[in-house]
Structures are given as structure tokens and as C-alpha cells.
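Contents: one structure, followed by commentary.
The values are calculated or read from the model by the stated rules, or taken from the named source; none is laboratory data. Quantities reported herein were computed from a predicted structural model and do not represent experimental measurements. Here the Cβ is made from the backbone with ideal geometry for all residues, glycine too, and neighbour counts use every protein chain on show.
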Amino acid sequence: MVKKILLRILLALGLVIVVLAGNLALFNIIATRITEGTPIPNPPPPNTALLAIDIQGGTTGNTSALKAIKEQSEELIKRVNSIAEEMHTQDHLIVYVRTEVVNPLLNVLNNTMARGTEGAELDPRLVIQPGEVVVKRRSDSFRGTNLDQILAEHQVGKLVLVGLDASACVKSTILAAHNRGYSISVVEEAVISGKEELKAEAIQEFRTLGVEIVSMD
């Protein structure tokens with residue numbers, strides 16, 4: 001009898017693990033898809049926007065489990081605050097993009113960015129400039145959000161990107177913006193990855209796309 005009960009428990013646990021693993025695999029496939037979008041007008045609209053991506057509690061803040069990211073967070077946020085302040089003084093649009101996870105199965109595995117938690121909110125060390133906040137649930141900041149609408153309403157033709165991860169969400173957003181025809185710049189000192197070599201590879205890929213890599217100097 002005891003053996004049968006233990007066997008049933010093991011089978012149930014195995015089923016749970018299979019369901020969680022399948023859900024995670026499906027999420028990863030969907031989450032990394034890049035949107036095509038509608039091309040922006042030609043000639044491009046005249047204005048510029050700063051996109052600050054995923055600088056939030058679950059990545060750079062108190063609830064983050066990403067040690068390498070947290071170690072870089074203080075300098076990153078100082079730089080992003082400086083860039084955002086300067087761009088605001090020049091009347092450019094500032095857009096803060098954050099991620100929240102609403103899938104309950106994914107939140108069982110990792111709830112550091114679950115909706116309604118500290119991890120899903122912007123890092124409190126950010127000095128928030130007037131502008132917009134976009135909430136995304138995928139790597140591509142355009143997918144399932146109102147970012148297209150915001151940029152169109154503000155007549156934006158050029159994007160400046162900062163934040164993280166250079167090899168993940170920053171990259172996905174750049175690819176989506178490139179599909180739409182935006183002029184794109186990345187501030188090299190204001191994007192980070194968990195590993196320096198991943199950032200270097202991403203920067204090189206951005207260059208091949210025609211993205212302008214700029215310095216704060």
C-alpha cells in the first residue's frame with residue numbers, strides 16, 4: 001500500500017514537472033518572437049525617444065537573483081538617470097519599459113517579476129522623468145504593448161536605447177524597431193548583460209544592422 005502511494009506521488013510530481021517544463025519552453029518560444037510592425041512614414045518623423053528597458057526590481061533591484069546584473073546596476077542607473085535628464089531638458093520623449101509576468105506556472109518557477117510584486121516595478125533608484133511607462137510581457141517591447149501608438153503620437157523617428165539585457169530584451173526591441181524603419185542608437189556604457197562577452201556580441205550585431213553605437217564621452 002505504501003509503495004503504491006509513493007508511486008502515485010512520484011507520478012504526480014513527474015506530471016507537474018512535465019507541465020511546468022512544457023509551459024516554460026512554450027513561453028520562451030513565444031517570448032522571443034520579434035514583431036514586424038507597420039513601417040514608420042518616409043521621410044521619418046522628426047522626434048527622438050529614449051527607451052530605458054527593464055531597469056526594475058526583479059533585474060537590478062532588491063528582488064533580483066541576477067548577481068552579475070546587480071553588480072553593474074549602480075553604475076548603470078547613474079548613467080541612465082544622467083541620459084534621461086539630459087534628453088528631457090532637450091524635450092525628447094522618455095519611455096520606461098518594464099516587464100511583468102502573469103503566467104501562474106512561470107511564477108511558480110520564478111516570481112521575481114510577477115505582476116503586483118516589487119520585482120515588476122521600476123527600480124526606485126531611477127529618477128523618473130516625465131514621459132511614458134510601457135509594461136511588456138515579452139522580450140520585444142513592441143509586442144502586445146502600446147509602444148507603437150505612443151511613438152506615433154509623439155512623431156518619433158529615432159530611438160535611443162539603454163538598459164538590459166543587451167543580448168535579450170534590448171536586442172529584441174532593436175530588431176523590432178529595425179523592422180519598422182526607426183533610426184536607432186545605443187549608448188554603449190548604458191546597456192549591460194550578465195556576461196561581458198554577450199554584450200560585446202550584441203553590440204557587434206547591432207552594428208551590422210546599422211545601429212549607431214554612441215558613447216557618453
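Annotations
- Count of the stretch 53-64 residues which are modelled with pLDDT under 95 and within 18 Å of E196 (Cα to Cα): 0
- Restricting L106, L76, L50 to those that are aliphatic (A, V, I, L, M), touching a strand residue (DSSP E or B) at 6+ places or on another chain (Cβ under 9 Å) and at pLDDT below 95 reduces the list to L106.
- Leading residue by the ranking (nearest to V97 (Cα to Cα)) among those in the stretch 160-217 that are in a loop (DSSP other than H, G, I, E, B) and not small (G, A, S): D165
- Figure legend. Inter-residue proximity from the stretch 118-130: first residues touching a residue at least 60 places away in the same chain (Cβ under 8 Å), second residues of a type in the set (F, W, Y) and not in a loop (DSSP other than H, G, I, E, B), beta-carbon distance below 9 Å, spacing 6+ or different chains. Indicated pairs: L122/Y96; L126/Y96.
- Some residue of the stretch 14-33 being on the phi < 0 side of the Ramachandran plot and either at pLDDT 80 or above or acidic (D, E) (or both): yes
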